[in-house]
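Below: one structure, written as structure tokens.
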Amino acid sequence: MDKYKLRNTMLDLLNRIEKDSGYSHLLLDNEMKKEQFLKADRGLLTEVVYGTIQRKITLDYYLNDFVNPNKKMQPWVRNLLRMSIYQMVYLDRVPAHAIIHEAVEIAKQRGHKGIASLVNGVLRNIQRKGVPDTTEISDDIQRLSIETSHPKWLVERWVNHYGYERTKDICEANLIHKPISVRVQPMKLSREQAIDQLRKEGYQVMPSSFSKQGIIIEKGNILTSDLFQSGFITIQDQSSMLVGEMLDVKSGMNVLDTCSAPGGKVTHLAEKMQNEGKIYAHDLHAKKINLIERKARELDLSIIDASCHDARHLSEKYEEESFDRILVDAPCSGLGVIRGKPDIKYHKKSDDIIHLADIQLRILHEVAPLLKKNGLLIYSTCTIEPTENEEVVRNFLHEHTNYKVDETFFMNLPKQLKESPGLSDVGLQLFPQTYETDGFFLTRLKKIN
């Protein structure tokens, strides 16, 4: 293996993520499958790539103290400096002199003597002087933006919605890895059996309070477990499991999942229905239908009929009052899943939120006639933006007087969530810092006579 292969791979990934707006988790997963790194190297690769992306604004603030911000610098050079500073400031596995040496050698390989000299000078200055103190920034929002590496416009927006302290908690939580959770396939084994087997395999686990099928993995790589490999469990965040629990499906029902890919929620619904009935699952993108079908096969579920269709035109496909239950897990800004996909926060703009809210409302308008009377509809997103959540629900209810928020939704919530700080009259907003989950919104609407 090339002496600097690990560091070069880190840099290649950072360049691709920045240039192509690629999803960090997908590119990283693909690289792991392609390259044969040692376990320790895989851990360092993941930590440095994710960490550098998570802290990009902070790292640039540090870098600007040693390099003129207006100085033209090739993107790969800036990323090389970012990842090196990240390791020097936030990690202690590799000594600073080794980080500097490898960065300089990579600069020589990819550039020329002048670039290598720049990299060497900047990193040695940081080693000698340390990074600038962010506490000296007088503006609270600017300081929080830089310290937690969230765009200033986003911090301002959240402060307006939630106040400074809750926004600070959200931003700080987005820098911390959350535990992975998995869902048991209950037709194959019970949660108790799964927990017992995982503990025997050496995993540290605990049951989730969000779902009777949920297990939180506190320690261990669940991807290598026998249960995962055999399709007895599947990875799913606790917040997403809550959707399957709250839609209250029963065996034999006719169910519509409007925006289904990659298939975590629809397979949960099929399990809750004991694989009896019918679920029609749709997604706007044809290539994502394969993800739904593959997950259904892995879990041995046969009642899911997946096909490509735009949720904004589903009334052309189905007659009115065709479904007992409808799930609208709407396309959204994704600002609740920054912990796992940190690059999201750099690519979104405030106009995106307005545009997405319009799409979300259009989908709800479109599918509203398709629900049977007294049927239930779950509306959910993986964002913490009120514009996409509470405001969309209120606008929908204002225009559809034959719908109301199902009052039993709040009574049926897991005990832990009944006192959640994110409860409102129209649903439940989960924040990333409260229960160690994704930021997530859901509500349950009922069609009335």
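If I ask for residues that are under 19 Å from residue 428 (Cβ atoms) and among the polar types (S, T, N, Q), which ones from the range 214-246 would you list?
We begin by selecting, within the range 214-246, every residue under 19 Å from residue 428 (Cβ atoms); these are 214, 236-246.
Answer for the range 214-246, where residues must be under 19 Å from residue 428 (Cβ atoms) and among the polar types (S, T, N, Q): 236, 238, 239, 240.
If you go through the range 135-167 and keep only what is surrounded by 14 or more Cβ atoms within 10 Å (Cβ to Cβ) and either in a loop (DSSP other than H, G, I, E, B) or modelled with pLDDT under 95 (or both), you end up with 137, 149, 150, 151. For the range 229-241, the set of residues classified as part of a helix (DSSP H, G or I) and either at pLDDT 95 or above or open to solvent by less than 20 Å² (accessible area, probe 1.4 Å) (or both) consists of 238, 239, 240, 241, listed by residue number.
Restricting attention to the range 168-207, the residues that are part of a strand (DSSP E or B) and in contact (Cβ under 8 Å) with a residue 60 or more places away in the chain add up to 2. What about residue 399, is it surrounded by fewer than 23 Cβ atoms within 10 Å (Cβ to Cβ), on the phi < 0 side of the Ramachandran plot and over 26 Å from the mean Cα position of the chain (by Cα)? Considered against the rule, which asks whether it is surrounded by fewer than 23 Cβ atoms within 10 Å (Cβ to Cβ), on the phi < 0 side of the Ramachandran plot and over 26 Å from the mean Cα position of the chain (by Cα), residue 399 comes out as yes. Of the residues that make up the range 186-209, is at least one open to solvent by 10 Å² or more (accessible area, probe 1.4 Å), β-branched (Val, Ile, Thr) and closer than 22 Å to residue 412 by Cα? The answer is no; no qualifying residue exists. Conditions first: (1) free of Cβ contacts under 8 Å to residues at least 24 places away in the same chain; (2) open to solvent by 60 Å² or more (accessible area, probe 1.4 Å). Residue 434 passes all but one, so which condition is the exception? Going through (1) free of Cβ contacts under 8 Å to residues at least 24 places away in the same chain; (2) open to solvent by 60 Å² or more (accessible area, probe 1.4 Å) one by one, residue 434 breaks only (2).
Take the range 117-127 and flag every residue that is under 14 Å from residue 89 (Cβ atoms) and open to solvent by 50 Å² or more (accessible area, probe 1.4 Å). Correct list: 127 only. Reported count of residues in the range 376-414, each being polar (S, T, N, Q) and part of a helix (DSSP H, G or I), is 3.
Residues of the range 368-383 being more than 19 Å from residue 427 (Cα to Cα), buried (at least 18 other Cβ atoms within 10 Å of the Cβ) and touching a helix residue (DSSP H, G or I) at 6+ places or on another chain (Cβ under 8 Å), which ones?
Quick first cut of the range 368-383, residues more than 19 Å from residue 427 (Cα to Cα) only: 369-373.
So of that shortlist, the ones also buried (at least 18 other Cβ atoms within 10 Å of the Cβ) come out as 370-371.
Across the range 368-383, the qualifying residue is only 370.
The number of residues in the range 263-290 that are under 22 Å from residue 242 (Cβ atoms) and modelled with pLDDT under 95 comes to 0. Being open to solvent by 50 Å² or more (accessible area, probe 1.4 Å) and either in a helix (DSSP H, G or I) or more than 28 Å from residue 344 (Cβ to Cβ) (or both): is that true of residue 109 here? Here the answer is yes, as residue 109 does meet what is asked. Only one of the listed residues (244, 336) is assigned to a loop (DSSP other than H, G, I, E, B), under 20 Å from residue 208 (Cβ atoms) and open to solvent by less than 10 Å² (accessible area, probe 1.4 Å). That residue is 336. Consider the range 407-428. How many of its residues are within 20 Å of residue 446 (Cβ to Cβ) and open to solvent by less than 10 Å² (accessible area, probe 1.4 Å)? Number of matching residues: 6. Of the residues making up the range 254-286, those that are surrounded by fewer than 20 Cβ atoms within 10 Å (Cβ to Cβ), touching a strand residue (DSSP E or B) at 6+ places or on another chain (Cβ under 7 Å) and closer than 24 Å to residue 374 by Cβ are 254, 277, 278.
Checked across the range 63-72, the condition of being closer than 20 Å to residue 343 by Cβ, part of a helix (DSSP H, G or I), at pLDDT 75 or above and open to solvent by less than 60 Å² (accessible area, probe 1.4 Å) holds for at least one residue.
With the requirement that a residue be over 19 Å from residue 128 (Cα atoms) and open to solvent by less than 40 Å² (accessible area, probe 1.4 Å), what does the range 94-106 give you?
Residues of the range 94-106 that are over 19 Å from residue 128 (Cα atoms), as a first pass: 105-106.
106, the sole residue that qualifies.
When the residues of the range 292-311 are filtered to those that are more than 19 Å from residue 187 (Cβ to Cβ) and touching a Ser or Thr at 6+ places or on another chain (Cβ under 9 Å), the one that is most open to solvent (accessible area, probe 1.4 Å) is 309. A search for C-beta distances below 8 Å between a residue of the range 277-296 that is touching a residue at least 24 places away in the same chain (Cβ under 8 Å) and on the phi > 0 side of the Ramachandran plot and any residue that is surrounded by 16 or more Cβ atoms within 10 Å (Cβ to Cβ) and in a loop (DSSP other than H, G, I, E, B), counting only pairs 6+ apart in sequence or on different chains, returns 277/249; 277/253; 277/303. For the range 301-333, a tally of residues being hydrophobic (A, V, I, L, M, F, W, C), assigned to a loop (DSSP other than H, G, I, E, B) and more than 17 Å from residue 403 (Cβ to Cβ) returns 3.
For the range 75-93, the tally of residues that are touching a residue at least 40 places away in the same chain (Cβ under 8 Å) and either open to solvent by 30 Å² or more (accessible area, probe 1.4 Å) or aromatic (Phe, Trp, Tyr) (or both) stands at 5.
The values are calculated or read from the model by the stated rules, or taken from the named source; none is laboratory data. Remember, it's a predicted structure, so these values are computed and weren't measured experimentally. No Cβ is skipped: glycine too gets one built from the backbone with ideal geometry, and neighbour counts run over all protein chains shown. Only protein heavy atoms, including side chains, enter the accessible area calculation; ligands, DNA and RNA are left aside. Shrake-Rupley method; radii C 1.70, N 1.55, O 1.52, S 1.80 Å.
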